[in-house]
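**Student:** I have a structure here, written as structure tokens, and I will follow up with some questions on it.
The values are calculated or read from the model by the stated rules, or taken from the named source; none is laboratory data. The model shown is predicted, which means the values in this text are computed figures rather than measured ones. Reconstructed Cβ throughout: ideal geometry from the backbone, glycine too, with neighbour counts over all protein chains shown. Calculation scope for accessible area: heavy atoms of the full protein, side chains included, ligands and nucleic acids excluded. Shrake-Rupley method; radii C 1.70, N 1.55, O 1.52, S 1.80 Å.
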Amino acid sequence: MTITPKLSTENIDYVFSVAGKILSESSDRLPSTPGEAYSARLIMNELKNYCDETHEETFTTHLKVGTYLLKILCFLLIISSFIFKFAVKRGSVIPVCICTVLSILIFSIFAYKFFFDGKILDNLFPRRNSLNIFAKRYSHFTAQNRVVLVARADAPKKQRFFLYKTNLTTVLLTLSVIGNTFTFISCIMYLFTGAPESNAIFSLLASISVFFSLFYLLSILLVHPKRAASGLSSSIIPAATITAIMKQMSENNFRYNQTEFCCLITGSEYSNHAGAYAFASKYKKIMRDIPTVFIPVEELTSSKHLAIFFKDGSGNEGSKDAANIMSDACDNLGLKIHKESTIIGTSSFTPFTVHHFASCSLGTSKKYINKCFSNKDLLSNVSRKTIFDSANILMETTNYYDNARL
């Protein structure tokens, strides 16, 4: 098997240099903003020095769909719980019927958008332009495979600091689903028992339903409507690491024998994976010329807790073969990496899987992430070993593909 280069100390420094430049020159990188475009083009100008082809591609996307839709649904949950409380006190049937329908509607919309990444509702929100950056290094001989490393250019909205806690988003979403289910079951029970007025048991159930409004309110307030987080660990470091890999390859004059080695920097990823979906849709036929695998790089915070993801929370499965190959590459490097699933919603590999490409992603275990939403996501907290290990895993995984057809 071909011996691949390892990321040098100088190129680890290069990752920090590129990351620092992006942070200082384009701190506000919300989806489809000038800051996002600036950081993407900054990466593109770096990639031009090390890749055989580099270009940008524009696309349109609908902004803030997930953020606004979640706030609307949580607001409806608050209304529903208080309507139920009012109905129990008065012994009214019609308001409880309204609550029941609302519960079904809220859960259906939530599942459609956040579990299955539905797109129909996107048309209700503003449309903006964004861009992807694509670059490639040719193979030494005729390409038989293609590996595309993927990172994002944008940043998430900031979580309000007084609510920050690891996995708080998952906790609040789970409690909101439980609260909606509780209200729905309580409404059904109330209707089947004849809608008794001021019944002690149903008064208690209604009070518990209202109590869940606290979590709905926290969900509404959790994400700051305008401020961007740094997105350092989830976008800047992965993008800079991929760029450093291309630089290392160029400096070593290294090419894989039969694998076209590419990178994709996507825009508006925090807006429903818009960039990845746009690219996968555009190239779903063009990139069928040779077997192609996409490897998105997710949040990087700790090399001790790196994981391989090939299942998401909506039931989509990435490529088990791709995950196994990456796992074998990790073993060869002496790194023990676990395979995990995304708990709720879609993952970075989902847009490629949906378009029938082989894909799995690399990142920090979901048990240890979410620093990207907080004030703790600082360049001084980034581990050099995390960058070194992640880069070497990606290069070694590509080497495995280069020595065996996909």
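**Student:** How many residues are part of a helix (DSSP H, G or I) and open to solvent by 100 Å² or more (accessible area, probe 1.4 Å) if we restrict to the stretch 115-130?
**Tutor:** 3
**Student:** Here's another thing I want to ask about it. Anything in the stretch 162-205 that is open to solvent by less than 70 Å² (accessible area, probe 1.4 Å), over 16 Å from Ser219 (Cβ atoms), hydroxyl-bearing (Ser, Thr, Tyr) and at pLDDT 85 or above? List them, or say none.
**Tutor:** Hits for the stretch 162-205 are Ser186, Tyr190, Ser203.
**Student:** I've got another one for you. Between Tyr400, Tyr368, which is open to solvent by 10 Å² or more (accessible area, probe 1.4 Å), part of a loop (DSSP other than H, G, I, E, B) and either among the aromatic types (Phe, Trp, Tyr) or modelled with pLDDT of 95 or more (or both)?
**Tutor:** After applying the criteria, what remains is Tyr368.
**Student:** Another question, then. Please identify the pairs in which a residue from the stretch 82-97 that is β-branched (Val, Ile, Thr) has its Cβ atom under 8 Å from the Cβ atom of a residue that is in a helix (DSSP H, G or I) and open to solvent by 80 Å² or more (accessible area, probe 1.4 Å), counting only partners at least 6 apart or on another chain.
**Tutor:** Here the result reads Ile83/Ile98, each pair linking the stretch 82-97 to a residue that is in a helix (DSSP H, G or I) and open to solvent by 80 Å² or more (accessible area, probe 1.4 Å).
**Student:** Still on this structure, please answer the following. Select from the stretch 233-268 the residues that are at pLDDT below 90 and closer than 16 Å to Leu362 by Cα and list them in ascending order.
**Tutor:** Listed by number, the residues that qualify are Ser233, Ser234.
**Student:** Scan the stretch 281-298 for residues that are out of contact with any Leu (no Cβ under 9 Å at 6 or more places or on another chain) and either free of Cβ contacts under 8 Å to residues at least 60 places away in the same chain or crowded, with 24+ Cβ neighbours inside 10 Å (or both) and report the count. Walk me through it before giving the result.
**Tutor:** Just the residues of the stretch 281-298 that are out of contact with any Leu (no Cβ under 9 Å at 6 or more places or on another chain), to begin with: 281-289.
Right, trim to either free of Cβ contacts under 8 Å to residues at least 60 places away in the same chain or crowded, with 24+ Cβ neighbours inside 10 Å (or both) and you get 283, 285-286, 288-289.
Matching residues across the stretch 281-298 total 5.
**Student:** For the stretch 339-354, give me each residue that is modelled with pLDDT of 85 or more and surrounded by fewer than 16 Cβ atoms within 10 Å (Cβ to Cβ).
**Tutor:** Scanning the stretch 339-354 gives a single hit, Lys339.
**Student:** Here is a follow-up. In the stretch 186-202, which residues are polar (S, T, N, Q) and either in contact with a Cys (Cβ under 7 Å, 6 or more places away or on another chain) or within 16 Å of Phe212 (Cβ to Cβ) (or both)?
**Tutor:** Listed by number, the list holds a single entry, Ser186.
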